[in-house]
Amino acid sequence: MAEPFGAQGNEKQQREEAIGRGLSARGARIAEGSRGLLDEGFGLYLRDPFDAERNPRGILNFGTSENKLCFDLIEERLSKPDMNYLEPHLLQYLDTQGLKSLREEVAKFLTEYANASTPLDPDHIIVMNGCCAVFATLSTVLCDPGVVNSLPKSKTFLCILILDGYLIPAPYYGGINSKTWLYGGMQPVHVPLFSEVTNEESQPFQLTVEKLEAAYQRAKEQGIRVRALILINPHNPLGDIYPEQLLKECLEFAHRYKLHVIMDEIYMLSIYDDSTFTSILSLERWAVYQIQTGHTSCGDLARILGCVASELEYYTPEITLSEKQLISWLFSMDALDLYNMFLNNSLVTEFCHIFTLTEWLDNVFFPTNRRRLKEAQNILVDGLAEIGIPVLKSSGGLYVWADFRKFLKSQTFEAEMDLWWRILDGKLLISPGKAFCCYEPGWFRLVFSDSVDKIYLCIQRLQQMLHDKVDKTVPMSSPPKENECTDLDDSILDDYINTSVDDVSEGYAHMKKIVVF
């Protein structure tokens, strides 16, 4: 059985040292997982940020997924007189479920733009401070951090540690790991996806129900009780969109095993080609939690608004819970300081008004945002192609998933980290695949939602660094020296893996067949 998440090697020693300095065991666990690889890179960027005039040799940030393309539209709209609204009650504590007027507008907005099969009920919506806060809260109320069962065996007792876990296709947004472990103690159960296209697949990194089934059975063998399935659509970092049929198959799979389903559709309205997006809200009422944030409303505005979790019907192993019961349980998490009562209420009110501006959204913001995203994506993809870096075909999100494998000195995650640091030394911040728990070294995520000038400078710095400083590479068909999937987006994941080394090695066996777009 896999060793409990975050309780290995150096982590144990660090926890003991933290406890020795006066922290509780829980505080030590939180402290050891508070900063990871991406935090370190972002910290370097903050100390030396690029500025065309004041610091032209500073670090360019192409690692943080932020939409910087429509600030002019947002600034202009927020400056209009109808956005200036301040009342005394907005400076006081409000409903911890979220400002009622905001929840009402969010319900209308998602009902329309997600093409919901039934209108959303504002009373079933909770506003929180970001997507990670939602994951932390849901993991706490849905899962147990570990249950010890004592089974009699002769005259002694056999103690078995049962861990609650969640299925999630890998690679995936690494911030989920630390937040689901922070309070809920949930164990990630990876569904490994590879770039190799087999006879059963039509594209790289393709998710299938068969892969979900294999990961679920593997988890059972390892003593992990899978309680939830987490899906990200459009995907982060792959940028692809799940077809409606696959979503239905995933929901049927979850229903078969009575799993909670947590759906992250943060980039629902950041789709820049002709692909059809199907929101889970548009399907029949299944065992689903819907997480809506960020780009479901208007670019990064909703990152300030926080995160909206609207609860539909869902199943547990023994009973079907009502929506009001779950909302009540989530209220009890108020002590975690995750709710929107800590946001600037007057600012929330302004953004609440934006949800009502359907004419401006439909005729100005959304079409302009979509066009600018596509233009920026084309520029980055073409520039990467010119310097020999292919990317995975993508349709949504603010980033591309780029293949740097031929620039690795060896096909290992150690070589990937070495390349990442070289790129950082070249004053460019991008995100390594290891931070997304990718099972193949050499993939990086690059965010393209920035100005054209910065995109060209990004390509220029990459070309300079890759072709002038990388001394030696090995062919992609060379076997990897390190067959671990670790996620340095959270330091407590360093050695964790729930798939055998043999399973991972199979993903590298035929690298010559790998297809990218």
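With (1) modelled with pLDDT under 50; (2) under 26 Å from Phe351 (Cβ atoms) as the list, and Ile319 as the residue in question, which single condition is left unmet?
(2) is the only condition that Ile319 fails.
Let me confirm something: among Asp264, Asp240, which residue is of a type in the set (D, E, K, R) and buried (at least 23 other Cβ atoms within 10 Å of the Cβ)?
Working: Asp240 fails: buried (at least 23 other Cβ atoms within 10 Å of the Cβ).
Criteria check complete, one pass: Asp264.
May I ask you to verify whether Leu229 is within 23 Å of Leu163 (Cα to Cα) and either touching a helix residue (DSSP H, G or I) at 6+ places or on another chain (Cβ under 7 Å) or surrounded by fewer than 20 Cβ atoms within 10 Å (Cβ to Cβ) (or both)?
On the way: within 23 Å of Leu163 (Cα to Cα): yes; either touching a helix residue (DSSP H, G or I) at 6+ places or on another chain (Cβ under 7 Å) or surrounded by fewer than 20 Cβ atoms within 10 Å (Cβ to Cβ) (or both): yes.
In short, yes.
How many residues, within the stretch 353-371, are buried (at least 20 other Cβ atoms within 10 Å of the Cβ) and over 19 Å from His235 (Cα atoms)? Step through it out loud before you land on a result.
We begin by selecting, within the stretch 353-371, every residue buried (at least 20 other Cβ atoms within 10 Å of the Cβ); these are 354-355, 361, 365, 369.
Keeping just the survivors that are over 19 Å from His235 (Cα atoms) gives 354-355, 361, 365.
Result for the stretch 353-371: 4.
Condition first: more than 24 Å from the chain's Cα centre (by Cα) and polar (S, T, N, Q). Now tell me which residues in the stretch 59-104 satisfy that.
So the first thing to find is which residues in the stretch 59-104 are more than 24 Å from the chain's Cα centre (by Cα), and the list is 72-96, 99-102, 104.
Hits for the stretch 59-104 are Ser79, Asn84, Gln92, Thr96, Ser101.
Of the numbered conditions (1) surrounded by fewer than 21 Cβ atoms within 10 Å (Cβ to Cβ); (2) under 19 Å from Thr140 (Cα atoms); (3) at pLDDT 95 or above, Glu210 fails exactly one; give the number of that condition.
Glu210 satisfies all of (1) surrounded by fewer than 21 Cβ atoms within 10 Å (Cβ to Cβ); (2) under 19 Å from Thr140 (Cα atoms); (3) at pLDDT 95 or above except (2).
Return the residues of the stretch 382-416 that are without any contact (Cβ under 8 Å) to a residue 40 or more places away in the chain and surrounded by 18 or more Cβ atoms within 10 Å (Cβ to Cβ); say none if nothing qualifies.
Of everything in the stretch 382-416, those that are without any contact (Cβ under 8 Å) to a residue 40 or more places away in the chain and surrounded by 18 or more Cβ atoms within 10 Å (Cβ to Cβ) turn out to be Ala415, Glu416.
From the list Thr96, Thr118, which one is assigned to a loop (DSSP other than H, G, I, E, B) and open to solvent by 40 Å² or more (accessible area, probe 1.4 Å)? Break it down into steps so the answer makes sense when it comes.
On the way: Thr96 fails: open to solvent by 40 Å² or more (accessible area, probe 1.4 Å).
The unique qualifying residue is Thr118.
What residue, among those in the stretch 267-290 that are assigned to a strand (DSSP E or B) and surrounded by fewer than 24 Cβ atoms within 10 Å (Cβ to Cβ), is modelled with the highest pLDDT?
Only one residue fits best here, namely Ile271.
Sort out which residues of the stretch 169-200 are open to solvent by 30 Å² or more (accessible area, probe 1.4 Å) and modelled with pLDDT under 85, and write them in order of number. Show your work before the answer.
Narrowing the stretch 169-200 to residues open to solvent by 30 Å² or more (accessible area, probe 1.4 Å): 173, 179, 182-183, 194, 197-200.
Answer for the stretch 169-200, where residues must be open to solvent by 30 Å² or more (accessible area, probe 1.4 Å) and modelled with pLDDT under 85: Lys179, Leu182, Tyr183, Thr198, Asn199, Glu200.
Pick out the one residue from Glu105, Glu87 that is open to solvent by less than 50 Å² (accessible area, probe 1.4 Å) and of a type outside the set (A, V, I, L, M, F, W, C). Talk me through it step by step, then tell me what you get.
Working: Glu87 fails: open to solvent by less than 50 Å² (accessible area, probe 1.4 Å).
After ruling out the rest, the residue left standing is Glu105.
Please determine, by comparing only the residues of the stretch 372-381 that are open to solvent by less than 30 Å² (accessible area, probe 1.4 Å) and in contact with a helix residue (DSSP H, G or I) (Cβ under 8 Å, 6 or more places away or on another chain), which one is nearest to Thr111 (Cα to Cα). Step through it out loud before you land on a result.
So in the stretch 372-381, the residues open to solvent by less than 30 Å² (accessible area, probe 1.4 Å) come out as 373, 376-377, 380.
Filter again for in contact with a helix residue (DSSP H, G or I) (Cβ under 8 Å, 6 or more places away or on another chain), leaving 376, 380.
Details: Ala376: 30, Leu380: 34 Å.
Among those that are open to solvent by less than 30 Å² (accessible area, probe 1.4 Å) and in contact with a helix residue (DSSP H, G or I) (Cβ under 8 Å, 6 or more places away or on another chain), it is Ala376.
Confirm whether Val134 is more than 25 Å from Gly397 (Cβ to Cβ) and in a helix (DSSP H, G or I). Reasoning before the result, please.
Working: more than 25 Å from Gly397 (Cβ to Cβ): no; in a helix (DSSP H, G or I): yes.
So Val134 fails the test.
Which residue pairs have Cβ atoms closer than 9 Å, lie 6 or more positions apart in sequence or on different chains, and pair a first residue in the stretch 61-79 that is under 17 Å from Tyr267 (Cα atoms) with a second residue that is small (Gly, Ala, Ser) and surrounded by fewer than 21 Cβ atoms within 10 Å (Cβ to Cβ)?
What qualifies is Lys68/Ser451; Leu69/Ser451.
Every residue in the stretch 236-259 that is out of contact with any Lys or Arg (no Cβ under 8 Å at 6 or more places or on another chain), assigned to a loop (DSSP other than H, G, I, E, B) and closer than 15 Å to Leu167 by Cα, please.
Tyr257, Lys258, listed by residue number.
Residue-by-condition table, conditions (1) acidic (Asp, Glu); (2) more than 22 Å from Leu392 (Cα to Cα):
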{"position": "Gly165", "(1), (2)": "no, yes"}
{"position": "Gly174", "(1), (2)": "no, no"}
{"position": "Gln187", "(1), (2)": "no, yes"}
{"position": "Phe194", "(1), (2)": "no, no"}
{"position": "Asn199", "(1), (2)": "no, no"}
{"position": "Pro204", "(1), (2)": "no, no"}
{"position": "Thr208", "(1), (2)": "no, no"}
{"position": "Ile232", "(1), (2)": "no, no"}
{"position": "Asp240", "(1), (2)": "yes, no"}
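Taking the condition of being more than 30 Å from Leu37 (Cα to Cα) and buried (at least 17 other Cβ atoms within 10 Å of the Cβ), how many residues in the stretch 52-73 meet it? Steps first, please.
Going residue by residue through the stretch 52-73, those that are more than 30 Å from Leu37 (Cα to Cα) are 72-73.
Narrowing further to those that are buried (at least 17 other Cβ atoms within 10 Å of the Cβ): 73.
Total satisfying the criteria: 1.
The values are calculated or read from the model by the stated rules, or taken from the named source; none is laboratory data. What you see is a predicted model, and the numbers here were worked out from it, not measured in a lab. Cβ coordinates were reconstructed from backbone atoms using ideal geometry, including for glycine residues, and neighbour counts include every protein chain displayed. For the accessible areas, the whole protein counts, side chains as well, though only heavy atoms, and no ligand, DNA or RNA atoms are used. Shrake-Rupley method; radii C 1.70, N 1.55, O 1.52, S 1.80 Å.
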